[in-house]
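Student: There's a structure below that I have some questions on.
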Amino acid sequence: MTLLALGINYNTAPVSIRERLSFSAEILESSLQDLWRLKEISEAAILSTCNRTEFYCTSTTANKQILIDWVAQSRNINTTDFAPYLYSHTDRSVCRHMFRVACGLDSMILGEPQILGQMKTAYQAAYDAGTLGKRLGKLFQHTFTAAKKVRTDTAIGSSPVSVAFAAVQLAQQIFDKLSEQTALLIGAGETIELTARHLSQQGIGRIIIANRTYAKAHALAAQFNGYAIALSEIPTHLAEADIVISSTASQLPILGKGRVESALKKRKHKPMFMVDLAVPRDIETEVEQLRDVYLYTVDDLQNTINQNMDSRRQAAEQAEEIIDTQVDYFLAWLRAQGAQSTIRDYRSQAEQSRDEALQKALALLKSGISPEEALNRLAYSLTNKLIHTPSTQIREAAENERHDLIAAAREIFKLSKPQ
């Protein structure tokens, strides 16, 4: 049985191809079962995110064309349209690849943590669809163990590498409890959405989203139980904000020193934490002169991010070493599974010999022979039965100069070295 993986990701394929090979949650179960029904496939799982689609299988063959043909048929796409963007792995390489993906070492943002949750979702989907077996199921569990060990033993995820996350982490350092704070987010683009998501995950007390287009502000605020306002309403609500993070495309500043100063008076000079992620700036530079304002720009955060990326790269080197060890552990388990049927058959053969010898011994007792004689014959008979086949095979190995088999026999039976 071969472990087989096939996939595309942000590195190998443009979004126009990735979106055609994506599997939504609505079709995932039926797709898994359809893949699993291929006669060459015994186990299957599918990981599908905005940045990658990957198929993990155990197969009777290492021929990836089986998977390629199935993907083409399943997604109604010509093979020539996507095959040049594919990568594939088998056996050891599959293990290493899955471990690296789960640890964020293969992600667009090095060490990002979301992919581990997506891997767990892929595992659960395959489990629910009934397409996981012992080998692939164990590989997923080992993948999660490896990812946890990397997160625990390295600093791969401890340093922020996006301006949104860096801004939120900085806010956490300034405020003891985000649950007691109100955040005013100015803008409704991707950066502000990501900021809102991070704040929400960290338990922010309240979110206000201001945008030039009120409908966009309302749509974004609704995702995080927030409150939407137009830009023109900022003066009314600015004093409520403990945290202000702005990222718009405005060519002129949105917040000036005077407006912020008025808000501070209403707050009785309770400090405000402000982050200007916009270029050109949304917040006038003079605002940083105010005593009760902590103002940071995107450049301030970028320096932190660059340092943290260096830290993550160093942690990634440690992670690769951990992954190598974990791959060896899993492959040792996998090799042991290959011996299970041999052990089971050998045990069954020994038990059959035992039962036959025992029945003969019982028959001798019934015929009136002494128990001592019956036991002696039982021991003699059972010993002969157990050693006959191995002895014959060892003798034939010697005749054929199969010294490797003789050495293996001495190791298996733990025989002392010949004098």
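The values are calculated or read from the model by the stated rules, or taken from the named source; none is laboratory data. Fair warning: this is a prediction, and the values are worked out from it, not measured in the lab. Note: ideal-geometry Cβ built from the backbone for every residue, glycine included; neighbour counts use all protein chains shown.
Student: So is V94 at pLDDT 95 or above, under 21 Å from A332 (Cβ atoms) and buried (at least 19 other Cβ atoms within 10 Å of the Cβ) or not? Break it down stepwise before answering.
Tutor: Numbers: at pLDDT 95 or above: yes; under 21 Å from A332 (Cβ atoms): yes; buried (at least 19 other Cβ atoms within 10 Å of the Cβ): yes.
Yes: the conditions hold for V94.
Student: Got a sec? Which of V163, V94 is more than 16 Å from the chain's Cα centre (by Cα) and among the hydrophobic types (A, V, I, L, M, F, W, C)? Walk me through how you get there before you give the answer.
Tutor: Working: V94 fails: more than 16 Å from the chain's Cα centre (by Cα).
Sole residue among the options that is more than 16 Å from the chain's Cα centre (by Cα) and among the hydrophobic types (A, V, I, L, M, F, W, C): V163.
Student: Find all pairs meeting these conditions: Cβ atoms under 6 angstrom apart; at least six residues apart or on different chains; first residue within the range 46-62 and touching a residue at least 12 places away in the same chain (Cβ under 8 Å); second residue among the polar types (S, T, N, Q) and not in a strand (DSSP E or B).
Tutor: S48/S22; T49/Q118; T53/S22
Student: So if I check each of I204, I229, I243, which one is of a type outside the set (D, E) and touching a His at 6+ places or on another chain (Cβ under 8 Å)? If you could, list the steps in order and put the result at the bottom.
Tutor: Numbers: I204 fails: touching a His at 6+ places or on another chain (Cβ under 8 Å); I243 fails: touching a His at 6+ places or on another chain (Cβ under 8 Å).
So the residue among I204, I229, I243 that is of a type outside the set (D, E) and touching a His at 6+ places or on another chain (Cβ under 8 Å) is I229.
Student: Do we have V327 as outside the structural domain of L139 (by TED's automatic domain parsing) and within 30 Å of M1 (Cα to Cα) here?
Tutor: Working: outside the structural domain of L139 (by TED's automatic domain parsing): yes; within 30 Å of M1 (Cα to Cα): yes.
Here the answer is yes, as V327 does meet what is asked.
Student: Restricting attention to the range 1-54, and to residues there that are of a type in the set (F, W, Y) and closer than 19 Å to L132 by Cβ, which single residue is surrounded by the fewest Cβ atoms within 10 Å (Cβ to Cβ)?
Tutor: Pass one, the range 1-54, residues of a type in the set (F, W, Y): 10, 23, 36.
Filter again for closer than 19 Å to L132 by Cβ, leaving 23, 36.
On the way: F23: 21, W36: 19.
Looking at residues that are of a type in the set (F, W, Y) and closer than 19 Å to L132 by Cβ, I get W36.
For every residue, the table says whether it meets (1) in a helix (DSSP H, G or I); (2) in contact with a Phe, Trp or Tyr (Cβ under 8 Å, 6 or more places away or on another chain); (3) of a type in the set (S, T, Y); (4) surrounded by 17 or more Cβ atoms within 10 Å (Cβ to Cβ).
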site	(1), (2), (3), (4)
I208	no, yes, no, yes
A249	no, no, no, no
F273	no, yes, no, yes
P280	no, no, no, no
E286	yes, no, no, no
A316	yes, no, no, yes
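Student: Could you identify the single residue in D355, D328 that is at pLDDT 85 or above and either farther than 30 Å from V94 by Cα or touching a Lys or Arg at 6+ places or on another chain (Cβ under 8 Å) (or both)? Break it down stepwise before answering.
Tutor: Details: D328 fails: either farther than 30 Å from V94 by Cα or touching a Lys or Arg at 6+ places or on another chain (Cβ under 8 Å) (or both).
Exactly one residue qualifies, and that residue is D355.
Student: Still on this structure: Name the residues in the range 200-214 that are among the aliphatic types (A, V, I, L, M) and at pLDDT below 95, would you?
Tutor: Here is the first cut: in the range 200-214, the residues among the aliphatic types (A, V, I, L, M) are 204, 207-210.
Selection gives nothing.
Student: Do we find a residue being part of a loop (DSSP other than H, G, I, E, B), among the small types (G, A, S) and either touching a strand residue (DSSP E or B) at 6+ places or on another chain (Cβ under 7 Å) or under 20 Å from Q173 (Cα atoms) (or both) anywhere in the range 239-246? Spell out the reasoning first.
Tutor: Step one: of the range 239-246, the residues part of a loop (DSSP other than H, G, I, E, B) are 241-242.
From the residues that got through so far, the ones that are among the small types (G, A, S) too are 241.
In the following step, the residues that additionally are either touching a strand residue (DSSP E or B) at 6+ places or on another chain (Cβ under 7 Å) or under 20 Å from Q173 (Cα atoms) (or both) were identified as 241.
Looking through the range 239-246, at least one residue is part of a loop (DSSP other than H, G, I, E, B), among the small types (G, A, S) and either touching a strand residue (DSSP E or B) at 6+ places or on another chain (Cβ under 7 Å) or under 20 Å from Q173 (Cα atoms) (or both).
Student: With the requirement that a residue be surrounded by 12 or more Cβ atoms within 10 Å (Cβ to Cβ) and under 24 Å from L415 (Cβ atoms), what does the range 358-382 give you?
Tutor: Result: A379, S381, L382.
Student: Then there's this: Restricting to the range 126-180, and then to whatever is in a loop (DSSP other than H, G, I, E, B) and small (G, A, S), can you tell me which residue is surrounded by the fewest Cβ atoms within 10 Å (Cβ to Cβ)?
Tutor: From the range 126-180, those in a loop (DSSP other than H, G, I, E, B) are 130-133, 154-162, 175-177; that's our starting set.
Now narrow it down to the ones that are small (G, A, S): 130, 133, 155, 157-159, 162.
Numbers: G130: 11, G133: 15, A155: 16, G157: 19, S158: 13, S159: 19, S162: 17.
So the residue we want is G130.
Student: Report the residue count in the range 92-118 for those that are touching a strand residue (DSSP E or B) at 6+ places or on another chain (Cβ under 6 Å) and aliphatic (A, V, I, L, M). Spell out the reasoning first.
Tutor: Initial filter on the range 92-118 (touching a strand residue (DSSP E or B) at 6+ places or on another chain (Cβ under 6 Å)): 94, 97.
In the following step, the residues that additionally are aliphatic (A, V, I, L, M) were identified as 94.
The qualifying residues number 1.
Student: I would also like to ask the following. Of the residues that sit in the range 1-60 and are of a type in the set (F, W, Y) and under 21 Å from the mean Cα position of the chain (by Cα), which one is farthest from A126 (Cα to Cα)? Even if it seems obvious, please write down each step before you answer.
Tutor: Keep residues of the range 1-60 that are of a type in the set (F, W, Y), which gives 10, 23, 36, 55-56.
Imposing the further condition that a residue be under 21 Å from the mean Cα position of the chain (by Cα) reduces the set to 10, 23, 55-56.
Numbers: Y10: 23, F23: 13, F55: 11, Y56: 10 Å.
Step by step, filter the range 1-60, then rank; the result is Y10.
Student: Filtering the range 337-357 down to residues that are hydrophobic (A, V, I, L, M, F, W, C) and in contact (Cβ under 8 Å) with a residue 24 or more places away in the chain, which residue is surrounded by the most Cβ atoms within 10 Å (Cβ to Cβ)?
Tutor: First, pick out the residues of the range 337-357 that are hydrophobic (A, V, I, L, M, F, W, C): 339, 343, 350, 357.
When the remaining residues are screened for being in contact (Cβ under 8 Å) with a residue 24 or more places away in the chain, the result is 350, 357.
Working: A350: 13, A357: 20.
For the range 337-357, the residue satisfying everything is A357.
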